[in-house]
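Q: Sharing a structure with you now.
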């Protein structure tokens, strides 16, 4: 990840490979947002805007050799769209990310966007670090692809608010959040031949080795003894058996306990209900939820949040073979409930059911699961907006508000009770699929069945639970944009970290 420094110096005097400035789009001509520069420098740069065809449109990017009066080797213009008043933090985050993403080959970037307080400075820093991401594990030294250019290695955020405790805290948070998102992206981008359940478990143990986090790994034998029939059933077809990883971060000053559950299907072929070949390569991303949970727990520890966080990574590989589970098989989930498996490609809800039950046994105050769960999510909300479902209106609203604050696109969705009957099974307690229409909601209703309750009889109530379906946004099969690369995006991590901060008070 790129290094990050803050500076309150005059941007024109900072040595860098590129000085990044914001350009706003207007009805008549673009406008340079750089009142802090000397008049002659502003005039020369404004003239250059027309020469390079800059419009100020969001995500637009142009780079020119430096003009007289600028020490940096070049000047980069990044568009922020139409501007009315101060720029929103997400606009700043996306602009900084768009700049560093497109500055490949430029080692040092100095970013001078209109950030005049610690919050906006933190957004610029975070966006810049997210945009400077590159996944290079499988690239040889002799690679000739344009994508093999090195990303920005050093980011200096220039702002009059760059000094003081607030700025230092904002920079620390930006580093931690960006490291969590980029770590999640790395796992999602890893080839499934290398990231199978046992390997993922080893990655998780290594990630928390130097932190006050306890890691516990349940292998297939311990899963069998524990009655984790959902995880075991999904993993039957693979030669590489499943795992369940539990991560415990328990600071002494914590008063609230959050359980995070992540779907970790390291490759999803669909099993015997096999998927079409087209697009199956993206199914290495079906472990995005587990990756997000791992790095959220790591971030909570690094931010020293006074919140108990338990992470559950439900890891399995869904493959077709002579030992794979069959449509019409019945599995017994932890806790004793039986599930008729009518479609082996609806496997994520099976591993999550086991993990949600296990999470509930620790009596958390809140349970949140995150999963690339349904293709229906993409039908309903597209490839950039994730879904929130919940058994608690206040929690659903809270997660939505946090997502908006941190700059992630989530949308609240209902859990219509009338859809539950479509999962009635002729032979078991519940079937793993129901109505095709509203399939995202049906999957949420399935998971709701396994959320624990507190108390007995009429006084009992379910533990507040939220389900995040990130199926489309977790893996970008299109072109990169703003701070979002092609491939693994790390979606959900910032929302989960924000929720941790919110619950920690």
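The values are calculated or read from the model by the stated rules, or taken from the named source; none is laboratory data. Given the structure is predicted, the values throughout are model-derived calculations rather than measurements. Don't worry about glycine lacking a Cβ; one is built from the backbone with ideal geometry, like all the others, and counts go over all protein chains shown.
Q: Can you find a residue that is closer than 25 Å to residue 312 by Cα and part of a helix (DSSP H, G or I) anywhere in the range 385-394?
A: Yes, the conditions are met somewhere in the range 385-394.
Q: Same structure, new question: Restricting the first residue to the range 30-46 and requiring it to be touching a residue at least 12 places away in the same chain (Cβ under 8 Å), which pairs with a second residue that is in a strand (DSSP E or B) meet a Cβ separation below 6 Å and a spacing of at least six or different chains?
A: As it stands, the answer is 30/23; 31/24; 32/23; 33/22; 33/24; 34/21; 45/32; 46/32, since those pairs meet every condition given.
Q: Follow-up question, since we're still on this one. If you check residue 57 against the conditions, is it surrounded by fewer than 21 Cβ atoms within 10 Å (Cβ to Cβ), within 35 Å of the chain's Cα centre (by Cα) and farther than 29 Å from residue 484 by Cβ?
A: no
Q: While we're here: Could you count how many residues in the range 105-116 are touching a helix residue (DSSP H, G or I) at 6+ places or on another chain (Cβ under 8 Å) and without any contact (Cβ under 8 Å) to a residue 60 or more places away in the chain?
A: Residues of the range 105-116 that are touching a helix residue (DSSP H, G or I) at 6+ places or on another chain (Cβ under 8 Å), as a first pass: 109-115.
If we keep only those that are without any contact (Cβ under 8 Å) to a residue 60 or more places away in the chain too, we end up with 115.
Result for the range 105-116: 1.
Q: Regarding residue 120, is this residue outside any strand (DSSP E or B), assigned by TED's automatic domain parsing to the domain that holds residue 22 and either out of contact with any strand residue (DSSP E or B) (no Cβ under 6 Å at 6 or more places or on another chain) or under 29 Å from residue 26 (Cβ atoms) (or both)?
A: Numbers: outside any strand (DSSP E or B): yes; assigned by TED's automatic domain parsing to the domain that holds residue 22: yes; either out of contact with any strand residue (DSSP E or B) (no Cβ under 6 Å at 6 or more places or on another chain) or under 29 Å from residue 26 (Cβ atoms) (or both): yes.
When the stated conditions are applied, residue 120 passes them.
Q: Same structure again: What are the residues in the range 382-405 that are crowded, with 18+ Cβ neighbours inside 10 Å and touching a helix residue (DSSP H, G or I) at 6+ places or on another chain (Cβ under 8 Å), if any?
A: 386, 387, 388, 389, 390, 391, 398, 399, 402, 403
Q: With the structure loaded, tell me whether residue 447 is modelled with pLDDT of 95 or more and in a helix (DSSP H, G or I) or whether it fails that test.
A: Taking the combined requirement at face value, the residue satisfies it.
Q: Please specify each residue of the range 24-58 satisfying the condition of being touching a helix residue (DSSP H, G or I) at 6+ places or on another chain (Cβ under 9 Å) and either in a strand (DSSP E or B) or within 20 Å of residue 158 (Cα to Cα) (or both).
A: Matches in the range 24-58: 31, 32, 34, 35, 36, 37, 38, 41.
Q: Residue check, residue 452 against (1) crowded, with 18+ Cβ neighbours inside 10 Å; (2) at positive phi, all met but one. Which one?
A: So residue 452 meets the others, but not (2).
Q: Between a first residue in the range 406-429 that is surrounded by fewer than 18 Cβ atoms within 10 Å (Cβ to Cβ) and a second residue that is assigned to a loop (DSSP other than H, G, I, E, B), which pairs have beta carbons less than 6 Å apart while being 6 or more apart in sequence or on different chains?
A: 409/384; 409/385; 411/385; 422/434; 422/435; 429/337
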